[in-house]
Amino acid sequence: MNLSILEKIMKKEPAFRLKQAKKAVFFDLIEDWSEATTLSKDLREKLQKEVSLAIKGEMFASKDGRTVKARIILDDGLAIETVLMKHSDRRNTVCVSSQVGCPLGCLFCVTGEIGFKRNLTASEIVEQVLFFARYLKKENEKITNIVFMGMGEPFLNWENVKEAIQIINDDNCFGIGARKISVSTSGIVEGIEKLAKEFPQINLAISLHAPNDRLRGELMPVNKKYPLEKIFQAVDEYIEKTNRKVMFEYVVLKNVNDSEKQAKELVKILKNPLYMLNLIAYNPNGRFEPSSPEKIKKFKNMLEKGGVFTTQRYRFGSDIEAACGQLAGK
Ligand code: SAH
Ligand code: SF4
């Protein structure tokens, strides 16, 4: 589905027609223009010829049935991955990709390993949501939450991510509330500033993964450009503007970032009632080893004793390589 072509065709029509067409696609979830009965027959036929509603995708479901991964093939043949996570409380979260690959090369991340291919267009981002909205409709369910935690760094493709968020948020389209949308970043400071200004109700997550610049710089090359001091400054400005909690993500790597000393360092830098820490089990990409569950528990206890609100992420879909950092589009 190419939104720019749709918009171009609709320029010749009264303004409300574009709204009707978008509503048919993103709200009524039509899969064929003949179903868009609010539009004239001529217009439907034109759209049928020029704006395809088909999405080329394959699906893989995890054994427990709670995770579904879609591999979507783009018009130029490149592939991206999108993940649906079904929570027990009927929340359905879609984890969306923002780029094909990623230029930032974090050592623990499979997406980083494949390097950067290109940015996704707003249509290609929205299409991922559309794919699962159609899938859930068949089960009489809806997408409730969106996280930009798939392939890529959303703040390095902000204009397109922003346009996609507007459609995801629009009551005439997906109508998913801003508070149900989260953007995760490796710490691109200008992006954090833009989010606070342009979408003060959207949640911010920061990939932290280390308690100091020395280790973070080793794991995440981007830390050299955006060291912790700059990131925390931007995060605190985001909190000041939005009064929202910020989630820090921390992949626990055996003997790399899981020591008692490092837990203490984390306690020092995460002293703020609006900071939350989310510990993530490492999904191996060959470079590190995951910490044992006991070690993670001990690490978590130390943080909690130090007053840091800490959660542990459920490991969705590792058997189908749909877990965090495993998305490769291969
Ligand atoms: N580029 C953005 C958003 C996508 S990554 C960012 O880095 O925040 C989504 C999350 O998965 C990030 O927190 C990332 O650090 C984490 N992740 C990457 N590789 C992982 C791995 N091998 N195991 C577990 N989580 C991983
Ligand atoms: Fe890119 Fe995020 Fe993976 Fe780092 S963790 S390589 S920023 S996708």
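The values are calculated or read from the model by the stated rules, or taken from the named source; none is laboratory data. Everything numeric here is computed off the predicted structure, so don't read it as measured data. Don't worry about glycine lacking a Cβ; one is built from the backbone with ideal geometry, like all the others, and counts go over all protein chains shown. Just so you know, the surface numbers come from the protein's heavy atoms only, side chains and all, with ligands and any DNA or RNA stripped out. Shrake-Rupley method; radii C 1.70, N 1.55, O 1.52, S 1.80 Å.
Tabulated results
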item	result
Segment 47-144 - Debye-derived log10 I(q)/I(0), Cα point model, q = 0.19, 0.25 Å⁻¹	-0.99, -1.35
For segment 32-116: accessible area per residue (Å², 1.4 Å)	48
Positive-end residue, segment 126-183 charge dipole about Cα centroid, Cβ charges, pick of GLN166, PHE155, LEU136	LEU136
Solvent-accessible surface (1.4 angstrom probe) belonging to HIS87, in square angstrom, nearest 10	40
Efficiency of FRET from Cβ geometry, HIS87 and GLU50, R₀ 41 Å, rounded to 0.05	0.60
DSSP bridge pairs, segment 65-218: antiparallel proportion in percent, nearest 5	60
Per-bin percent of Cα-Cα distances, segment 90-194 [10 Å]	15, 47, 29, 8, 0
Efficiency of FRET from Cβ geometry, LYS295 and PHE60, R₀ 30 Å, rounded to 0.05	0.50
17 Å reach of a label modelled at ASP319, 7 Å along Cα-to-Cβ, counting backbone N of segment 48-87	59-70, 84-87
Relative intensity, log₁₀ I(q)/I(0), of segment 180-257 from a Debye sum that treats every alpha carbon as a point, q = 0.16, 0.17, 0.21, 0.26 Å⁻¹	-0.56, -0.62, -0.89, -1.22
At most 13 other Cβ within 10 Å, DSSP loop - trypsin sites (Lys or Arg not before Pro), segment 174-270	LYS225
1.4 Å probe accessible area per residue over segment 176-330, in Å²	47
The chain - Kirkwood radius from inverse mean 1/r over Cα pairs (Å)	20.7
Carbon and sulfur %, accessible surface of the chain computed with the full protein complex present, 1.4 Å	51
Listed residue pairs exceeding 25 Å between alpha carbons, taken from LYS230/LYS268; LYS23/LYS197; LYS224/LYS300; LYS245/LYS297; LYS180/LYS241	LYS23/LYS197; LYS224/LYS300
Calculated FRET efficiency for the pair ASP236/PHE309, C-beta based, R₀ 22 Å, to 0.05	0.85
Heavy atoms of MET149 accessible to a 1.4 Å probe, total area in Å² rounded to 10	50
Spatial separation of Cα centroids for segment 66-113 and segment 260-306, in angstrom	24
Label-point gap, in nm, between MET1 and GLU190 - each point 7 angstrom along Cα→Cβ	3.1
Descending principal axes extents, segment 131-187, alpha-carbon based, whole Å	37, 21, 18
Principal-axis tilt of helix 260-269 within the chain, Cα atoms, nearest 10 degrees	60
Residue list for segment 103-143, given a label point 7 angstrom along the Cα-to-Cβ vector of GLU163 and an amide N cut-off under 17 Å	118-130
Angle in degrees between helix 189-198 and the longest Cα principal axis of the chain, rounded to the nearest 10	50
